[in-house]
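Reading through the structure tokens given below for one structure.
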Amino acid sequence: SFAMYLNLRKPPFDKVEMRQAMGWALDREGFFQSFQSGIGSPVGNSPFTDKHWAYEPKTADAYKYDPDKVGQLMEKAGYPKGQGLEFSFLVPNGYPEFKQISTILQATFAALGYQPAIEEVEIAQWSQRLNQSREFHAAVDYPGRGTADPALTYGAGLLYPPTAANIGGLTP
């Protein structure tokens, strides 16, 4: 399970359609087949497996891979065929799975006319840019782990205000 931070403080992810497009852009099946040797399975739009008590089966088909939908959302956001679109994936060195997911997402956008860059940096710079300077567009991370409490998994001091980190910049 992975999390994607989108910087809502600046374009393009200040537009809800671009945030939605990112959800539809990930070929989860392709990730498991190509990079996980078929081990594991996508569980839709949930950080919980279907064995976890907080898993919601209704989310199983949420944000299934749909490049056509991504293209429609990009157009609705004002970026038809990627025109005027600028964003990159910030990836820390030494985390190949983060680069793999970013590469799969990059391929989806490339097929629609825009190829976001993948920017690899040292982990300290990656963390500083997410947590302090906020100089990023999109970044993959591991979600909070080690608890059966969904509130900690979702909150983890990172995702939702009024936490100090609020990496994505979500406002109530």
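The values are calculated or read from the model by the stated rules, or taken from the named source; none is laboratory data. None of these values were measured; they are calculated from a predicted model. A quick note on method: Cβ atoms are made from the backbone with ideal geometry, for glycine too, and the neighbour counts reach across all protein chains shown. Heavy atoms of the whole protein, side chains included, go into the accessibility calculation; ligands, DNA and RNA do not. Shrake-Rupley method; radii C 1.70, N 1.55, O 1.52, S 1.80 Å.
A compact table of results
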| item | result |
| --- | --- |
| Probe 1.4 Å, all protein chains present, accessible-area order of 69, 76, 58, largest first | 58, 76, 69 |
| Segment residue 128-residue 171, extension gain: residue separation times 0.36 nm, minus the distance between their alpha carbons | 13.4 nm |
| Of 15/64; 10/76; 15/69; 51/99, pairs whose Cα-Cα distance is over 23 Å | 51/99 |
| Sequence of 29, 119, 97 when ordered by accessible area, the most exposed leading, probe 1.4 angstrom | 29, 119, 97 |
| Local net charge near residue 80, Cβ-Cβ under 14 Å (Lys/Arg +1, Asp/Glu -1) | 0 |
| Point-to-point label distance, residue 75-residue 119, nm (Cα→Cβ direction, 7 Å offset) | 3.0 nm |
| Cα-based shape type of region 76-123, given that a ≥ b ≥ c are square roots of the gyration tensor eigenvalues and the cut on a/c is 1.5 | prolate |
| Net lengthening on full extension, residue 59/residue 2 (0.36 nm per residue, minus Cα-Cα) | 19.0 nm |
| Stretch gain in nm, segment residue 14-residue 97, where the contour uses 0.36 nm per residue and the Cα spacing is subtracted | 27.3 nm |
